[in-house]
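Notes to accompany the following structure.
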Amino acid sequence: MEKKFEIKDLITVGVFTALYFAVIFAVACLGFIPILMVFLPLIGPIIAGIPLMLYYSKIKHFGMITITSVIIAILMFISGHPYPIFIFCIGAGLVTELVLKSGNYQSINACVLGSATFSCWLLGMVIAFFFGFREDYFASIVDGYGQEYVNAMMSYTPTWVFFAMVAMCLVGGAVGGLLGSKVLKKHFRKAGMA
């Protein structure tokens, strides 16, 4: 059942957005190893599944995930990701809102599916490796990462890898959602979502 938006909901958004972002940021540090950057869309959602599912157990109305996705988009843009990060973050947030609403904010299955759809925002982090941004993006990071890193990343990211990353986001998000729902089973029961 959908409840009225309250100040405590904004606090919940802030706390869980910070927690989720911190987990994803920590996992993204694995990207300093080029091959692990390719698997970030799989690894990140699995590890972030528990805090994300805990957040979902506290969502009772439309808008909270959208706010989270806008905050993440802004943080990622400020940290140097190109403008498509907004499209991926906000798009994933809106789709996830619809998924959670379809389960009336009470369905664990909808939460697991929502974990998979929300994880697709990570594609905005890696889109610069592909489709129109590639040369400029890699040229821009040579000074910070070195030519050897850039060469490795270019060799690991032919165009078809993007489509593999889409699948990794969905699979990683679903696995993370299932893991989170198992770990938080008692919490979901308490929230009336058994």
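According to the square roots a ≥ b ≥ c of the eigenvalues of the Cα gyration tensor, what is the shape class of the stretch 96-194, taking rounded for a/c under 1.5, prolate for a/b larger than b/c otherwise, and oblate for the remainder?
It comes out prolate by the Cα gyration axes.
What distance in nm separates the simple spin-label points at Tyr145 and Ala167, each placed 7 Å from Cα in the Cβ direction?
Simple spin-label model gives 2.3 nm for this pair.
Which whole-Hz couplings ³J(HN,Hα) result when phi for each residue of the stretch 36-49 is put into the Karplus expression 6.51 cos²θ - 1.76 cosθ + 1.60, θ = phi - 60°, listed in order with x for Gly and Pro?
Going residue by residue, I get 6, 4, 5, 9, 3, x, 8, 5, x, x, 5, 5, 7, x Hz, with x marking Gly and Pro.
Dipole magnitude of the chain about its Cα centre, charges +1 at Lys/Arg Cβ and -1 at Asp/Glu Cβ only, in debye to the nearest 20?
Dipole magnitude for the chain comes out near 1140 debye.
I'd like the Kirkwood hydrodynamic radius of the stretch 96-148, using the inverse of the mean 1/r over distinct C-alpha pairs, in Å.
For the stretch 96-148, the Kirkwood estimate is 13.4 Å.
How far apart, in nm, are two points set 7 Å out from the Cα along the Cα-to-Cβ line at Arg134 and at Ile35?
Going from the Arg134 label point to the Ile35 one covers 2.2 nm.
Take every Cα pair under 8 Å in the stretch 91-194 that's 6+ residues apart, average their separations, divide by the length, and report that relative contact order as a whole percent.
Normalised by residue count, the contact order of the stretch 91-194 is 36 percent.
Counting each DSSP H run of 4 or more residues in the chain as -39500 (n - 2.57), what helix-only mean residue ellipticity at 222 nm follows after dividing by all residues, to the nearest 500 deg cm²/dmol?
For the chain, the value works out to -24000 deg cm²/dmol.
Rounding to the nearest 10 and keeping the result within 0 to 90°, find how far the Cα-based axis of helix 7-28 lies from the longest principal axis of the chain.
Orientation of helix 7-28: about 30 degrees from the principal axis.
Give me the percent relative contact order of the chain, please, defined on Cα pairs under 8 angstrom at least 6 residues apart.
31
Could you give the alpha-carbon Rg of the stretch 7-189 over 2.2 N^0.38 Å, rounded to two decimals?
Rg over 2.2 N^0.38 Å, computed on Cα atoms: 1.03.
How far, in degrees from 0 to 90, does helix 108-118 lean away from the longest principal axis of the Cα atoms of the chain, to the nearest 10?
It works out to around 30 degrees.
If the limit is 22 Å between Cα atoms, which of Lys8/Lys182; Lys60/Lys185; Lys4/Lys186 go over it?
Lys8/Lys182; Lys4/Lys186
Per-residue HN-Hα couplings for the stretch 59-70, Karplus 6.51 cos²θ - 1.76 cosθ + 1.60 at θ = phi - 60°, whole Hz, x for Gly and Pro?
For the stretch 59-70, the Karplus curve yields 8, 10, 7, 5, x, 5, 5, 4, 4, 4, 5, 5 Hz.
Going by alpha carbons, how many degrees (0 to 90, nearest 10) lie between the helix axis of 159-183 and the longest principal axis of the chain?
30
No value in this document is a laboratory result; all are computed from the given coordinates. If you're wondering where the values come from, they're calculated on a predicted model, not measured in any experiment. Backbone-built Cβ (ideal geometry, glycine too); neighbour counts: all protein chains shown.
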